[in-house]
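Each remark here refers to the structure printed beneath this line.
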Amino acid sequence: MALNDESAEKRKSARLAILELANMISVPMSLNAVVRLNVADAIWQGGSNTPLSASQILQRIASTGSDPENLQRILRMLTSYGVFEEHLTNESSPLDGSASERKYSLTEIGKTLVTDAEGLSYAPYVLQHHQDALMKAWPLVHEAVLDPTTEAFVKANGEPAYDYYGKQEEMNELMLKAMSGVSVPFMKAMLDGYDGFKGVERLVDVGGSAGDCLRMILKKYPGIRHGINFDLPEVVAKAPNIPGVTHVGGDMFKSIPDGDAIFMKWILTTWTDNECKLIMENCYKALPEGGKLIACEPVLPKDSDDSHRTRALLEGDIFVMTIYRAKGKHRTEEEFKQLGRSVGFSQFRAFHVDYFYTVLEFQK
């Protein structure tokens, strides 16, 4: 191939790539649509995962008058992103009269949207990210560059996200359900691959919400005699009774209950460096000599690449910047290590036990 021809091919490829990026909003919005339509559960049907046409899916999920052609368009696009698997059959298609019909089953990605026996899935996580209040913030991402003192969410909605959620019961419930759907698989992976809770008798979970993580940890480590679920007073007021767990309301920026070990998950990433230092200082004060802070956070790789993991982490970083804190961020292992050292923690270890979160151990 001549040099000019090669350059022309590269330009064509580049134009296709930018068109894909510009139209990429179709992907999350279509994903949001199939979650709202409950397509994954309709196909799964207790594990059968039988390939179904758009018409057959609609028979299970919708009233008459729904449009199978539009659903098929959504399914076909998401198939190109690995959410569904497409099966061409010899049956005549009712959509266009062609000799073959398209049917769809769930891939491993699609199965993450199926409601499990505990009522959990990644579907609420999808919905939580695409609520109206959050969508209003995204056109203002550029303003995080021009003015990092105020989050895009605040500019769009008039108040910080957590304050906004607190006044919207439906939004808050959806966020809690979304976090449970993500947390339970992670906690199972962490408890299988990390043994840092051995020997702990008093464990404090900072930002523990309803106490689900503590419940799982105490089940695996019955030697922990006392679990303290520490969160905002209005949060723990709604927490259920859990044997061995005391729910304590408070403010982590003021003080944290004493414990042999302190656990937190997805807390540090939503705050600035100075705010993280204050949280970690309070953890340090609450620990005895030899005690440890166990923080589970998204950790950025040192180098950028196009892997699913790196993209998910970098995309999550922009989500934090836009919704929660303009200078809150995902950090590298080295950045977390330096934060720990700055408040007095003498030892640092990282454990990669999950596809997304990393367990960070800071020892006093």
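The values are calculated or read from the model by the stated rules, or taken from the named source; none is laboratory data. Not measured: the values here are computed from a predicted model. Using ideal geometry, Cβ is built from the backbone for each residue, glycine included, and neighbour counts are taken over all protein chains shown. These area figures cover heavy atoms from the full protein model, side chains too; ligands, DNA and RNA do not enter into them. Shrake-Rupley method; radii C 1.70, N 1.55, O 1.52, S 1.80 Å.
Determine, from the Cβ-Cβ distance of GLU275 and ALA237 and an R0 of 22 Å, the FRET efficiency 1/(1 + (r/R0)^6), rounded to the nearest 0.05.
0.35
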Based on DSSP H runs of at least 4 residues, each adding -39500 (n - 2.57), what is the mean residue ellipticity at 222 nm of the chain after dividing by all its residues, to the nearest 500 deg cm²/dmol?
-13000 deg cm²/dmol
Ratio Rg/Rh, restricted to region 165-268 and using Cα atoms, in which Rh is the Kirkwood radius:
0.95
Quick one: Cα centre-to-centre distance for region 10-77 and region 279-358, in angstrom?
35 Å
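For region 211-314, report the convex hull volume of the alpha-carbon atoms normalised per residue, in Å³, without decimals.
On the way: hull volume 14.6 nm³, N = 104.
Expressed per residue, the convex hull around the Cα atoms of region 211-314 is 140 Å³.
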Give me the accessible area per residue for the chain, probe 1.4 Å, as a whole number in Å².
52 Å²
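Please figure out what share of the DSSP beta bridges in the chain is antiparallel and state it in percent, rounded to the nearest 5.
50 percent
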Flagged links, alpha-carbon separation over 27 Å, of LYS155/LYS188; LYS155/LYS327; LYS198/LYS302; LYS285/LYS327; LYS254/LYS302:
LYS155/LYS188; LYS198/LYS302; LYS254/LYS302
Want the number for ARG309 to MET216: 0.36 nm per residue separation, take away the alpha-carbon distance, what's left?
30.9 nm
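For region 296-364, compute Rg over Rh where Rg is the Cα radius of gyration and Rh is the Kirkwood radius from the inverse mean 1/r over Cα pairs. Could the numbers behind the result be given before it?
Numbers: Rg = 12.6 Å, Rh = 12.8 Å.
The Rg/Rh ratio comes out at 0.99.
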Of all GluC sites (Glu not before Pro) in region 151-245, the ones in DSSP coil with at most 16 other Cβ atoms within 10 Å are GLU201
Accessible-area composition of the chain, carbon plus sulfur, in percent [1.4 Å probe]
52 percent
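Can you tell me what the convex hull of the Cα atoms of the chain projects to on average, as an area in nm²?
Numbers: hull surface 93.1 nm².
Computing the convex hull of the Cα atoms and averaging its projections yields 23.3 nm².
Counting other Cβ atoms within 10 Å, which trypsin sites (Lys or Arg not before Pro) in region 170-227 have at most 16 and lie in a DSSP loop? Write down the numbers at each step before the final one.
Details: sites: LYS177, LYS188, LYS198, ARG202, ARG215, LYS219, LYS220, ARG225; in loops: LYS198, ARG225.
Listed in order of number, the matching sites are LYS198, ARG225.
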Filtering the chain for DSSP H helices with an axial alpha carbon extent of at least 30 Å and a Kyte-Doolittle mean of at least 0.0 returns 169-193
